[in-house]
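Report on the structure given below.
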Amino acid sequence: KSSCRDCDRLFSSSGAAEMAAGRLSFRNMTALAPMVRVGTLPMRLLALDCGADVVYCEELIDIKMAQCHRTVNEVLETVDFVAPDGRVMFRTCEREKDRVVFQMGTADPDRALIASPSSCEMRCKRGVNNLKLICSSHRENDVAAIDVNMGCPKEYSTKGGMGAALLSDPDKIEAILKKLVSGVSKPVTCKIRILPSLEETIRLVQRIEKTGVAAVAVHGRFKEERPRHPVHCDYIQAVAQAVSIPVIAKKSVGELRRLSGRGEDELSDIEKFREATGATSVMLARAAMWNASVFSKQGPLPLEKVMEEYLKYAIQYENHALNTKYCLCQMLRDKVESPLGKQVQAAQTNGEISEAYNLQEFLRKRTQEQLQARRASDALMSGSQLDRPVMDGDVTTMAVKFERREYPPQITPKMFLLEWSRKEKLEQPIYETVQRSQDRAFQSIVTVAEKKYRSSLWSKSKKFAEQAAAIVCLRVLGVPEGRIGEEESGLVCKRKRERKLNGTTEEEGSKKRHMSADIEQETDNSDTAAVANGGCHKADEPPEQAESF
């Protein structure tokens, strides 16, 4: 097996520790259920802090994951699975590696195996020397188990033959599960909905058991039923009696309240639901989304405290602002129209969200720490092949990306390149941008003084691709690019010149510049944020629309 010192440094280097941890057990545990746009890293870590035994990520589609590179993020101390356009499709860390279940949406056995983080076919990309290598001994430590979604009834899943569409094709279910069980070293599970008759449901689960899966999760509703419908506990109970593998019952808030006779403030008491269903374990969805401290044996914490801890994780791990906003709105529920709720709804950036919770200082310190870590990482990479220009025909290329957070709101590399060209009395830079069809990523070439420059990395938007090309040109020419912390270059950007002509002061324009630049950043990312966060809903969708399948 290949080895990777970078992985060793961030993750356990001792094989004995992994042996001691053993395989994930699905018996007598409570889990955070997989939820669209909710089950990202901040929510998973929060649930673990509150007492969850196991956490599921949101459903991620196999075809997207199959295109990803595995990258060790030195700055955040995470492992990221990154799409060709730079989007982080799945992010995990040391804290959860033995307790996170990766849920995928798939309708193809071969693609499911390739997309699995624990398969031998996922590529590992080391940022230090730009090597692409098989690093299976480390990749298999990234997650604790693999789960296949067979319960989502929404069209975005079923039209691709995934989710609940698989329930009508037992042969394909068997093929997918057998392929995964034989192809990965971690436990494989699946999550289903019940079929129209009890007999059909039992036959399907018994067939699933024979594939060698470690457990099966059962959502006790029919495909056409939604959260307002009661859970069919008798179906789950019959399934639990019909198989020997652990059965995980997906809990309904309303069903728990009916069984326990208690109010919503005591949702942590799930034992009656476990007894009613005869299940080995229980997974919580909306109850945990609303207040993750539902897992706590000491009882729920105040919602304000839970939201604050969630936001700290979101800031620490650079969660997308729109996804953070979405999750906070789910927690607020009927308080979403309160002054705090309105402030959260109006927020468009992490900075504005932090203001709503008085976490500006936490954000400032974390941002500064990350900036310093990035600079240290850049210093280590200087002189490496990744940092050197490479000729591709008549085009000079470098592997660089445009990171908006590294530049002041009113400054971009394109502005610096334009001002430098004017200062040198050269023609204005010309940008030519192409879009790749398979993932709609962009790449741009900039021509300056009859020479061409391009980043070898693809970008998520046309604007970012042009900025990356400008960075390559500026670095090759040895010209400052306007990054935070650079010494004053003497280049005056266009916006500053216009403010001088119009007599506008720096202080008067500061707030507006910051807001407009941050909004531009979020706008550029908004088209891809839903995919990157497993999203299929709009950012301001009402709470009842968020659902676990």
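The table below gives the values:
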quantity: The range 51-80 and the range 32-49: distance between their alpha carbon centers, rounded to Å; calculated: 12 Å
quantity: Two-decimal log10 I(q)/I(0) for the range 305-382, as the Debye equation yields it once each C-alpha is a single scatterer, q = 0.12, 0.17, 0.24 Å⁻¹; calculated: -0.37, -0.64, -1.07
quantity: 5 angstrom amide H check on Ala285, placed H, neighbours 5+ away; calculated: Ala33, Lys251
quantity: C-alpha center-to-center spacing [the range 404-428, the range 315-365] in angstrom; calculated: 32 Å
quantity: Per principal axis, descending, Cα span of the range 131-250 in whole Å; calculated: 51, 33, 25
quantity: Rounded if a/c under 1.5, otherwise prolate or oblate - the range 303-462, Cα gyration tensor axes; calculated: prolate
quantity: Hypothetical label at Lys365: residues of the range 44-59 whose amide nitrogen lies under 20 Å (7 Å Cα-Cβ projection); calculated: 46
quantity: Computed lengthening from Arg203 to Glu355, 0.36 nm per intervening residue step minus Cα-Cα distance; calculated: 49.3 nm
quantity: Linear extension gain, Arg95 paired with Gln343, 0.36 nm per residue minus alpha-carbon span; calculated: 86.1 nm
quantity: Spin-label pair Lys423/Glu174, simplified geometry with 7 Å Cα→Cβ offset, distance in nm; calculated: 7.2 nm
quantity: Spacing of the two label points (7 Å from each Cα toward its C-beta) at Asp394 and Lys272, in nm; calculated: 7.8 nm
quantity: Hz values of 3J(HN,Hα) by residue in the range 147-154 - Karplus curve (6.51, -1.76, 1.60), Gly and Pro given as x; calculated: 10, 10, 7, 10, x, 6, x, 6
quantity: Inverse of mean 1/r across different Cα pairs in the range 265-361, Kirkwood, Å; calculated: 14.5 Å
quantity: Kirkwood estimate for the range 148-214, i.e. one over the average of 1/r between Cα atoms, Å; calculated: 12.1 Å
quantity: Subset of Lys154/Lys191; Lys425/Lys462; Lys186/Lys312 violating a 23 Å alpha-carbon distance limit; calculated: Lys425/Lys462; Lys186/Lys312
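No value in this document is a laboratory result; all are computed from the given coordinates. On a predicted model such as this, the values are computed, not experimentally measured, just so you know. We place every Cβ from the backbone using ideal geometry, glycine too, and count neighbours over all the protein chains shown.
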